[in-house]
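Asker: Got a structure for you, written out below as structure tokens; questions coming shortly.
The values are calculated or read from the model by the stated rules, or taken from the named source; none is laboratory data. Just so it is clear, the structure is predicted and the values come from calculations on it, not from any experiment. Cβ placement follows ideal geometry from the backbone for every residue including glycine, while neighbour counts extend to all protein chains displayed.
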Amino acid sequence: MISDRDLLARARDAGLAGLTPDASNLRASGLDPAGLEQRLEALAADGRLLALPVTPPVWISPGVWIELAQRLGSAKSAPLDLADRLPPEARHLVGAYAALYRGTTARKPRERLAQRVLEAYEAAGLTPPAPSVMARRSGHKPEVAAGLVEALIESGELTRLPDDLVVASRAIADLVERLRASPLDNFRVSEFTAWSGLSRKWAVPLLEHLDQHRVTRREGSLRKVRRQGADQSPTGPKP
């Protein structure tokens, strides 16, 4: 019997034309039509596939849909433009894609995709690796992960630091809580790195961010912890 991993790979390979319980997929799966449809529905319920609003049913990889939506930009009311962007084998699905783009069913798959990106960043703490590595950890192509990262920054769940570094906002909040409870008061960067275990690559942008949000105050080569009265969230104001 075909594995979930292989079904997801077939969906990615099918692109915008999508995956259907046709003869080829039935032979590969070793299932009857009802059994294959049940497997695909289960993957869609888990957020790993997206069911198009069309009969007979068609399932696509959510990453394929996000890539298309990003390319469409603001042309929400232009199904003809949408049709031009679909490959010939998928143009019969233009109505389904137009419905998705108008927001009838696109939000939940995007939220699930973004949640996997957020979980990967939160697991990495204050020192996430390169964006390409984070994309692999979240199961997305780099260009898809990059778009979701920007959305998570806009929502305040991720924070962009100086030097274009990105970390989970929750990790910064935890750092601030520990810093305010620590014996550090007037300290140098070297003392902060010794206390936190962070390298200068991460320590300096984090401290600059905390200065900006009045968690710390820089005085020459020293920084002072503002233990009370910070006037902004250390993760930055939400839009």
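Asker: If you take the residues in the stretch 3-35 that are surrounded by 17 or more Cβ atoms within 10 Å (Cβ to Cβ) and over 29 Å from ARG85 (Cβ atoms), which one is nearest to the chain's Cα centre (by Cα)?
Answerer: The selected residue is SER29.
Asker: Within the stretch 86-100, does at least one residue satisfy the condition of being touching a Gly at 6+ places or on another chain (Cβ under 8 Å), surrounded by fewer than 18 Cβ atoms within 10 Å (Cβ to Cβ), modelled with pLDDT of 75 or more and not in a helix (DSSP H, G or I)?
Answerer: Here is the first cut: in the stretch 86-100, the ones touching a Gly at 6+ places or on another chain (Cβ under 8 Å) are 87, 90, 93.
When the remaining residues are screened for being surrounded by fewer than 18 Cβ atoms within 10 Å (Cβ to Cβ), the result is 87.
From what is left, the residues that are modelled with pLDDT of 75 or more are 87.
If we keep only those that are not in a helix (DSSP H, G or I) as well, we get 87.
Yes, because at least one residue in the stretch 86-100 is touching a Gly at 6+ places or on another chain (Cβ under 8 Å), surrounded by fewer than 18 Cβ atoms within 10 Å (Cβ to Cβ), modelled with pLDDT of 75 or more and not in a helix (DSSP H, G or I).
Asker: Now for a different question. Suppose we keep only residues that are farther than 15 Å from LEU126 by Cβ and free of Cβ contacts under 8 Å to residues at least 12 places away in the same chain within the stretch 181-193. Which one would you say is surrounded by the fewest Cβ atoms within 10 Å (Cβ to Cβ)?
Answerer: PRO183
Asker: Another question, then. Return a yes/no flag: does the stretch 147-154 have any residue that is within 30 Å of SER61 (Cα to Cα), in a loop (DSSP other than H, G, I, E, B) and not aromatic (Phe, Trp, Tyr).
Answerer: Start the filter on the stretch 147-154 by keeping residues that are within 30 Å of SER61 (Cα to Cα), which leaves 147-154.
So of that shortlist, the ones also in a loop (DSSP other than H, G, I, E, B) come out as none.
No - not one qualifying residue is present in the stretch 147-154.
Asker: Same structure, new question: Mind checking which residues of the stretch 124-163 are exposed (fewer than 14 other Cβ atoms within 10 Å of the Cβ) and at positive phi?
Answerer: Residue satisfying the conditions is ASP163 alone.
Asker: Test ARG214 against the criterion of being surrounded by fewer than 20 Cβ atoms within 10 Å (Cβ to Cβ), within 14 Å of the chain's Cα centre (by Cα) and without any contact (Cβ under 8 Å) to a residue 40 or more places away in the chain, and give yes or no. Give the steps one after another, and end with the answer.
Answerer: Numbers: surrounded by fewer than 20 Cβ atoms within 10 Å (Cβ to Cβ): yes; within 14 Å of the chain's Cα centre (by Cα): no; without any contact (Cβ under 8 Å) to a residue 40 or more places away in the chain: yes.
No: the conditions fail for ARG214.
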